[in-house]
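*Asks:* Sharing a structure, written as structure tokens. Questions coming.
Every number in this text was worked out from the coordinates using simple rules, so none of it is lab data. Everything quoted here is computed from the prediction, not taken from an experiment. Note that we place each Cβ from the backbone using ideal geometry, even for glycine, and neighbour counts take in every protein chain shown.
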Amino acid sequence: MGSKWDIEKFTGSNDFGLWKVKMRAILIQQKCVEALKGEAHMSAHLTSAEKTEMNDKAVSAIILCLGDKMLREVSREATAVSMWNKLDSLYMTKSLAHRQCLKQQLYFYRMVESKPIMEQLTEFNKIIDDLANIDVNLEDKDKALHLLCALPRSFENFKDTMLYGKEGTITLEEVQAALRTKELTKFKELKVDDSGEGLNVSRGRSQNRGKWKGKN
């Protein structure tokens with residue numbers, strides 16, 4: 001357990017973008033997310049004391065959700081917004097080289113037959129999220145097309161159905177939902193096949209035992 005909120009502490013090696021989403025949710029839950037705006041931009045109806053208390057709560061929450069190495073990086077920051085911005089500057093780089101690297105990851109990402117599709121779908125979504133975190137926002141239809149192009153060769157019929165079997169613009173959500181349904185159906189069919197093979201083996205053993213008794 002990373003903290004009393006059960007969030008994995010950010011250590012510098014795990015997913016910073018995902019950590020930020022969870023961390024913001026905690027600050028909302030603790031009613032101190034306003035502190036991320038900075039005192040000058042917080043709601044006008046708040047008193048100075050309330051702003052200070054809110055900042056202290058946010059700083060405390062962020063500290064409890066950082067690993068020791070990350071804590072040293074922001075230990076000199078006095079406010080929640082300065083801690084947040086410092087972490088952003090260190091781990092949410094928006095450099096041209098980083099943007100290009102992530103774009104190439106998306107354009108050249110290809111799924112393989114040897115890994116579960118759902119596992120690879122998670123990898124694909126992470127690339128999309130990482131791009132969004134550095135303000136590279138793709139149109140939904142383009143995300144859907146990238147996903148279809150990334151599918152392995154055994155999904156050719158699936159791709160044709162998604163591309164030409166419906167009217168209107170295709171969406172990422174539709175493609176992902178169809179993929180999940182296809183994989184769930186395949187999993188159920190495999191379970192049925194396995195249980196059928198087990199039943200045949202059991203029958204075969206029973207018949208062999210019957211023949212053996214007959215010979216005796």
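*Asks:* If you split all Cα-Cα distances of the range 96-205 into 5 Å bins from zero, what percentages do you get per bin, shortest first?
*Replies:* 2, 10, 18, 20, 15, 11, 8, 5, 4, 3, 2, 1, 0, 0
*Asks:* For a quick check: sort 5, 84 by the number of other beta carbons within 10 angstrom, fewest at the front. If you can, show how the numbers build up before the last one.
*Replies:* Working: 5 15, 84 22.
The order, fewest Cβ neighbours first, is 5, 84.
*Asks:* Relative to the first principal axis of the alpha-carbon coordinates of the chain, what is the inclination of helix 96-108, with its axis defined by its Cα atoms, in degrees from 0 to 90 and to the nearest 10?
*Replies:* 10
*Asks:* Compute the angle between helix 117-133 and the longest alpha-carbon principal axis of the chain, please, reported from 0 to 90 degrees and rounded to the nearest 10.
*Replies:* The angle comes out near 20 degrees.
*Asks:* What translational diffusion coefficient, in µm²/s and rounded to a whole number, does the Stokes-Einstein relation yield for the chain at 10 °C and a viscosity of 1.306 mPa s, taking the hydrodynamic radius as the Kirkwood radius over Cα pairs? If you can, show how the numbers build up before the last one.
*Replies:* Working: Rh = 21.8 Å.
For these conditions, the coefficient is 73 µm²/s.
*Asks:* Within the set 86/143; 69/126; 22/188, which residue pairs have Cα atoms separated by over 28 Å? Let's see the in-between values first.
*Replies:* Details: 86/143 31 Å; 69/126 24 Å; 22/188 34 Å.
Over 28 Å Cα-Cα: 86/143; 22/188.
*Asks:* Put +1 on the Cβ of every Lys and Arg and -1 on every Asp and Glu Cβ in the chain; which of 137, 187, 67 then has its Cα farthest towards the positive end of the dipole?
*Replies:* 187
*Asks:* Assuming R0 = 35 Å, what is the FRET efficiency of residue 9 and residue 185, from their Cβ-Cβ distance, to the nearest 0.05?
*Replies:* On the way: r = 39 Å, r/R0 = 1.11.
The calculated FRET efficiency here is 0.35.
*Asks:* With only Lys, Arg, Asp and Glu charged, each at its Cβ (+1 for the first two, -1 for the last two), find how big the charge dipole of the range 1-135 is about the Cα centre; round to the nearest 20 debye.
*Replies:* Values: 19 positive and 18 negative charges, 35 e Å.
Charge dipole of the range 1-135: 160 debye, to the nearest 20.
*Asks:* Can you give the angle from 0 to 90° between the axis of helix 16-29 and the longest principal axis of the chain, with both taken from C-alpha atoms, to the nearest 10?
*Replies:* For 16-29 against the chain, the angle is about 70 degrees.
*Asks:* Turning to a different aspect of this structure: Which of the peptides 52-64, 30-42, 102-114 is most tightly packed, and how do the rest follow, judged by the mean count of other Cβ atoms within 10 Å per residue?
*Replies:* Highest mean packing first, the order is 52-64, 30-42, 102-114.
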